[in-house]
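Reading through the structure tokens given below for one structure.
The values are calculated or read from the model by the stated rules, or taken from the named source; none is laboratory data. Everything numeric in this text was worked out from a predicted model, so none of it was measured. Cβ sites come from the backbone with ideal geometry, for glycine too, and all protein chains shown count toward neighbours.
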Amino acid sequence: MEAEPENSGTQTTVLGGKYLTFSLAGEEYGLEILKVREIIGIMDITALPRVPPAVKGVINLRGKVIPVLDLRLKFGLEPAEYTDETCIVVVDVGSLVGVIVDTVQEVLDIADEQIDPPPPLGAAVDTTFVLGMGKVKDAVKILLDIDQVLRSDEMTSLLESVTDDAG
């Protein structure tokens with residue numbers, strides 16, 4: 001006797017799973033651990049000419065040239081001095097990209113029922129890059145869809161130019 005999947009025929013997005021949590025300007029965020037390739041300390045970043053302000057440049061990670069952007073600037077937050085806690089989280093969004101965060105916190109297992117959809121903030125506020133709001137103990141973590149965060153015309157053309165130059 002074969003068991004039928006409970007949700008056969010319906011499309012539901014399961015958001016529960018493991019998330020790497022980090023902070024930016026005092027707010028707590030999370031991104032899917034499956035997108036994270038590695039976490040490294042801040043290192044020398046080679047600046048590129050004529051790129052958006054959020055794009056800090058490129059790094060050489062074991063022979064691979066990887067673009068790096070500052071998530072604070074990407075989200076329109078105040079820039080901050082880099083500290084010993086500042087990290088570059090290398091994510092895989094079809095190609096490797098480094099994102100600079102204030103501090104990496106921990107990997108959390110957030111159940112599907114602990115995740116609410118983003119609040120309706122009106123048409124003027126773009127929440128397409130927010131997967132949901134993770135409720136962990138008394139805190140709320142903003143769960144990011146890193147593919148959407150990095151999916152923009154500026155990032156696409158930047159990635160193409162970096163990979164063209166490196167290849």
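Yes or no, residue by residue, for (1) modelled with pLDDT of 90 or more; (2) assigned to a strand (DSSP E or B); (3) among the charged types (D, E, K, R):
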residue: P5; (1), (2), (3): no, no, no
residue: T10; (1), (2), (3): no, no, no
residue: T21; (1), (2), (3): yes, yes, no
residue: G30; (1), (2), (3): yes, yes, no
residue: L34; (1), (2), (3): yes, no, no
residue: L48; (1), (2), (3): yes, no, no
residue: N60; (1), (2), (3): yes, yes, no
residue: V65; (1), (2), (3): yes, yes, no
residue: V68; (1), (2), (3): yes, yes, no
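Does L48 fit the bill of being surrounded by 13 or more Cβ atoms within 10 Å (Cβ to Cβ) and more than 24 Å from G16 (Cβ to Cβ)? So L48 passes the test.
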